[in-house]
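Colleague: Below are the structure tokens for one structure; questions will follow.
Readers should treat all values here as calculations from the given coordinates under stated rules, not as data from a laboratory. Nothing here was measured: the structure is a model prediction, and the numbers come from that model. Counting neighbours? That spans all protein chains shown, and the Cβs are built from the backbone with ideal geometry, glycine included.
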Amino acid sequence: MDKKNILILSNKPAYPKNDGGSFAISQMLEILLELNHNVTFVCIETNKHPSFKNISKNNLTYKSFFIDTKIKINKLITTLLNRKSYIIQRFFDENFKNFLEDILSKNSFDLILFESLYCSLYLKYILKLSKAKIIYRCHNIEHKIWFHEKKLNYNIFQKIYLNFEYEFLKKFELKFWNKVDIICSISNKDRDYIISKTKTKVKLVSVFFSESNQNNEDYNEKKMSTIIKFFHIGSMDWRPNLSGIRWFLEKIWKKFILKNKKSEFHIGGKSMPKKIINLEYANYYNHSFINKIETFMKKYDVMIVPIKSGSGIRIKIIQAMTLKKCIISTSIGAEGIDYTHRKNIIIANTHDQFYNEMIYCVKNPGKIKEIGENAYLLSKKYFSKKNIVNQIKTIF
């Protein structure tokens with residue numbers, strides 16, 4: 001493979017790896033460095049995602065630039081009146097544009113990788129200064145997320161805003177797909193959808209967890225026969241996670257714990273709102289930010305993924321699978337995974353289905369181990385480092 005000069009543009013830092021997005025971004029960066037390419041990594045940092053560089057390589061130039069992306073009502077109204085997506089426009093900054101133009105005027109790149117739709121506003125300026133091949137890595141289909149959000153929102157004013165945002169965002173996203181040379185989708189389902197909407201070449205580039213992390217201690221059958229510990233881990237600054245947990249606690253856990261008094265539900269994640277931390281439900285334990293995610297996951301038995309909007313792939317599900325965890329997820333949460341219900345994951349979409357599947361786990365602790373073992377085999381088949389590196393090699 002020829003060594004290439006690659007520019008990566010990201011809407012968030014690669015480090016720290018404290019959510020699924022930063023994990024996927026840092027993994028791509030590290031693979032490209034391992035393949036001996038020269039990489040210039042340029043990211044936007046925000047109050048929500050500050051930058052912390054903890055990697056030093058001779059073939060890496062790492063730059064970050066702060067942009068204030070806090071929502072400002074006057075700008076939101078002006079942007080919508082101009083029929084543009086405010087969610088996207090928040091990431092435009094004249095100084096960052098000049099910053100990018102300076103980098104492009106002083107360097108020549110073979111490939112430019114957009115790690116997010118939120119950096120796409122700068123494409124037209126980049127094309128004026130570079131003839132590099134443009135690659136877009138699609139972590140999520142953003143307009144699909146907002147479509148689900150507007151369906152689930154019952155506040156009339158928020159629903160009106162979300163409807164406008166969805167329409168403008170969808171138009172912008174589809175237009176951007178047609179401007180790049182290659183789109184790398186993180187899941188097969190998203191890849192198929194993108195192919196149906198654009199003539200741009202679409203490839204699959206997913207994520208992996210290393211073999212060194214794919215070990216889990218044996219289950220204690222006696223312990224599991226008396227108490228089942230459910231858990232969830234996810235960033236609460238991502239709307240689908242937050243709304244999903246609220247729904248689960250109110251509609252499912254409150255009812256479930258009345259008849260299953262020994263069970264426990266443990267939750268962890270960054271940006272945990274106080275109103276979620278302070279909720280008072282029986283046997284509900286909120287650990288807030290988790291420093292060692294793998295250690296947290298290993299303590300408990302069944303992972304709960306109650307998200308009702310989203311796209312792409314849930315990286316925490318893949319990580320849990322590599323640790324042989326049984327998972328109960330909505331079908332949206334499990335998108336992008338070639339699963340079989342009750343073989344390598346459990347699917348539940350309504351509160352009654354979640355309740356019944358949790359009862360199934362309590363009554364059949366042996367099934368928890370069996371499903372976890374099969375989940376591990378699935379992760380090894382589709383999400384190994386070898387597979388992902390080969391996917392990247394065919395593109396880069």
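Colleague: With a cut-off of at most 15 other beta carbons within 10 Å, and DSSP calling the residue loop, which chymotrypsin sites (Phe, Trp or Tyr not before Pro) in segment 103-210 qualify? Please list them.
Modeller: Values: sites: Phe109, Phe114, Tyr118, Tyr122, Tyr125, Tyr136, Trp146, Phe147, Tyr154, Phe157, Tyr161, Phe164, Tyr166, Phe168, Phe172, Phe176, Trp177, Tyr193, Phe208, Phe209; in loops: Phe109, Tyr154, Phe208, Phe209.
Those satisfying the criteria are Tyr154.
Colleague: Still on this structure, please answer the following. Give the cross-link partners of Lys48 among the aspartates and glutamates, using a straight C-alpha distance below 13 Å as the criterion and excluding same-chain residues fewer than 8 apart.
Modeller: The reachable aspartates and glutamates, counting only those whose Cα sits under 13 Å from Lys48, are Asp19, Asp68, Asp237.
Colleague: Where does the chain land at 222 nm, in deg cm²/dmol rounded to the nearest 500, when only DSSP H runs of n ≥ 4 count, each adding -39500 (n - 2.57), divided by all residues? Working shown, then result.
Modeller: Values: 17 runs with 173 residues, N = 396.
Value at 222 nm, helices only: -13000 deg cm²/dmol.
Colleague: Classify segment 211-382: rounded, prolate or oblate, from the alpha-carbon gyration tensor (a ≥ b ≥ c, eigenvalue square roots; a/c under 1.5 rounded; otherwise prolate if a/b is larger than b/c)? Walk me through the numbers on the way to the answer.
Modeller: Details: a/c = 1.33, a/b = 1.14, b/c = 1.17.
Because its axes are fairly even, with a/c under 1.5, segment 211-382 counts as rounded.
Colleague: Once the dipole of segment 211-382 is set up with Lys and Arg at +1 and Asp and Glu at -1 on Cβ about the Cα centre, which of Leu323, His266, Gly372 lies farthest towards its positive end?
Modeller: His266
Colleague: In whole Hz and in residue order, list the ³J(HN,Hα) couplings for segment 329-335 that follow from phi through the Karplus curve 6.51 cos²θ - 1.76 cosθ + 1.60, θ = phi - 60°; x for Gly and Pro.
Modeller: 9, 5, 5, 5, x, 8, 4
Colleague: Taking Cα pairs under 8 Å and at least six residues apart, what relative contact order does the chain come out at, in percent?
Modeller: Numbers: 692 pairs, mean separation 54.0, N = 396.
In percent, rounded to a whole number, it is 14.
Colleague: Which residues make up the longest stretch of the chain clear of GluC sites (Glu not before Pro) that lie in a DSSP loop with no more than 11 other Cβ atoms within 10 Å, not counting the sites?
Modeller: 1-216
Colleague: What's the magnitude of the charge dipole for segment 88-159 around its Cα centre, counting Lys and Arg as +1 and Asp and Glu as -1 at the beta-carbon? Answer in Debye, nearest 20.
Modeller: Around 320 debye, computed over segment 88-159.
Colleague: Taking the DSSP beta bridges in the chain as the whole, what percent of them are antiparallel, to the nearest 5?
Modeller: Bridges in the chain are about 0 percent antiparallel.
Colleague: Could you give the length gained by full extension between Asn178 and Ile77, i.e. 0.36 nm per residue of separation minus their alpha carbon distance, to one decimal place?
Modeller: Working: separation 101, 0.36 × 101 = 36.36 nm, distance 2.79 nm.
Result for the pair: 33.6 nm of gain on full extension.
Colleague: Normalised by the number of residues in segment 5-205, what is the relative contact order in percent for Cα pairs under 8 Å and 6+ residues apart? Could the numbers behind the result be given before it?
Modeller: Values: 316 pairs, mean separation 36.7, N = 201.
Once normalised by length, the contact order is 18 percent.
Colleague: Starting at 0 and stepping by 10 Å, how many percent of the alpha carbon pairs of segment 59-216 end up in each bin?
Modeller: Whole-percent P(r) values from 0 Å outward: 9, 32, 33, 20, 5, 0.
Colleague: To continue, here is another question. For segment 293-367, run through the trypsin sites (Lys or Arg not before Pro) and keep only the ones in DSSP coil with at most 11 other Cβ atoms within 10 Å of their Cβ.
Modeller: On the way: sites: Lys298, Lys299, Lys308, Arg314, Lys316, Lys324, Lys325, Arg342, Lys343, Lys363, Lys367; in loops: Lys299, Lys308, Arg314, Lys324, Lys325, Arg342, Lys343.
Answer in residue order: Lys299.
Colleague: Something else: Would you look at the GNM of the chain, springs on alpha carbons closer than 10 Å, and say which of Ile195, Ile71, Ile332 moves the most?
Modeller: Highest fluctuation of the listed residues: Ile71.
Colleague: Name the most mobile residue of Gln27, Gln353, Gln158, meaning the one with the largest mean-square fluctuation, in a Gaussian network model of the chain with Cα contacts below 10 Å.
Modeller: Of the options given, Gln158 has the highest mean-square fluctuation.
Colleague: Still on this structure, I have one more. For the cross-link pairs Lys12/Lys124; Lys144/Lys203; Lys75/Lys159; Lys151/Lys369; Lys151/Lys385; Lys175/Lys386, which exceed 25 Å when the distance is taken from alpha carbon to alpha carbon?
Modeller: Violating the 25 Å limit, Cα to Cα: Lys151/Lys369; Lys151/Lys385; Lys175/Lys386.
Colleague: Also, I was wondering about something else. Just tell me which aspartates and glutamates come within less than 15 Å, Cα to Cα, of Lys150; anything on the same chain fewer than 8 places away is out.
Modeller: Within the straight-line limit of under 15 Å, Lys150 reaches these aspartates and glutamates: Glu142, Glu165, Glu167.
Colleague: Which lysines have a Cα less than 23 Å from the Cα of Lys254, not counting those fewer than 8 places away in the same chain?
Modeller: Here the lysines satisfying the reach criterion relative to Lys254 are Lys229, Lys262, Lys274, Lys275, Lys299, Lys308, Lys363.
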